[in-house]
1. What does the net charge come to around residue 153 if you take all other residues with beta carbon closer than 12 Å to its beta carbon, with K and R at +1 and D and E at -1?
2. Report the local net charge at residue 119: Lys and Arg +1, Asp and Glu -1, summed over other residues whose C-beta lies under 9 Å from its C-beta.
3. Taking the alpha-carbon set of the range 5-169, what are its Rg and Dmax in Å?
4. Which of the trypsin sites (Lys or Arg not before Pro) found in the range 89-126 are in a DSSP loop and have at most 15 neighbouring Cβ atoms, other than their own, within 10 Å?
5. What's the ranking of 38-48, 125-135 by average number of surrounding C-beta atoms within 10 Å, highest first?
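Where a number appears in this text, it was derived from the coordinates with a stated rule and is not lab data. Quick caveat, the model's predicted, so the values are computed rather than measured. Positions of Cβ are backbone-derived with ideal geometry, glycine not excepted, and every protein chain shown enters the neighbour counts.
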Amino acid sequence: MPMPSFRLLVPGDVHAYRALRLRCLRECPTAFGTSPDEEAAVPLDVLAARLAPRPGGGLWGAFDEAGALVALARAERSPKRKCAHTATLTHVYVAPEARGQGTGEALLRAVLAYAADVLGVERVTLGVEATNRAATALYERLGFETTGVERDFLRTGGVSCDLRLMSCALLPPPTPLPP
């Protein structure tokens, strides 16, 4: 099967984005802090505005050979000057029909390259549901390391879920000046 194409989403992708986002929230309720009902209540024009290009980051999509959106990942640089060397990776999801084919890894490699080359960040952080072994293994292959665990991060269906915090250096940190 051919590798999907990857690009930043734009407002014109709003319908495909909403459908895939609602799907991931339904299929993986412990992986995301937003519920399907909360997401469905967001007006389409607000979602489209979130997909508009901006200098601090963006939402990437993977599109299969038929043009269907099959995976998502968002990278956002911190707006704070002291933290502008960092970005956060969120919204990561690969549809089941695109899993096991390298789609997720290829998409994340594209997003990390974008974070380094376009956003100019040196470090990317993320949170992943602590029992999600497949996602954790993927992040570790990409160079992420666990930096901590946030206990009882979210609760859904009466289940408490921990969040594994992970971080990856994209570039070596600058050499400190001698005193």
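1. Values: positive: 151, 155, 164; negative: 129, 150, 152, 162.
So the surrounding residues net to -1.
2. -1
3. For the range 5-169, the Cα radius of gyration and maximum Cα-Cα distance read 15.3, 43 Å.
4. Qualifying residues, ordered by number: 99.
5. Listed from highest to lowest mean packing, they are 125-135, 38-48.
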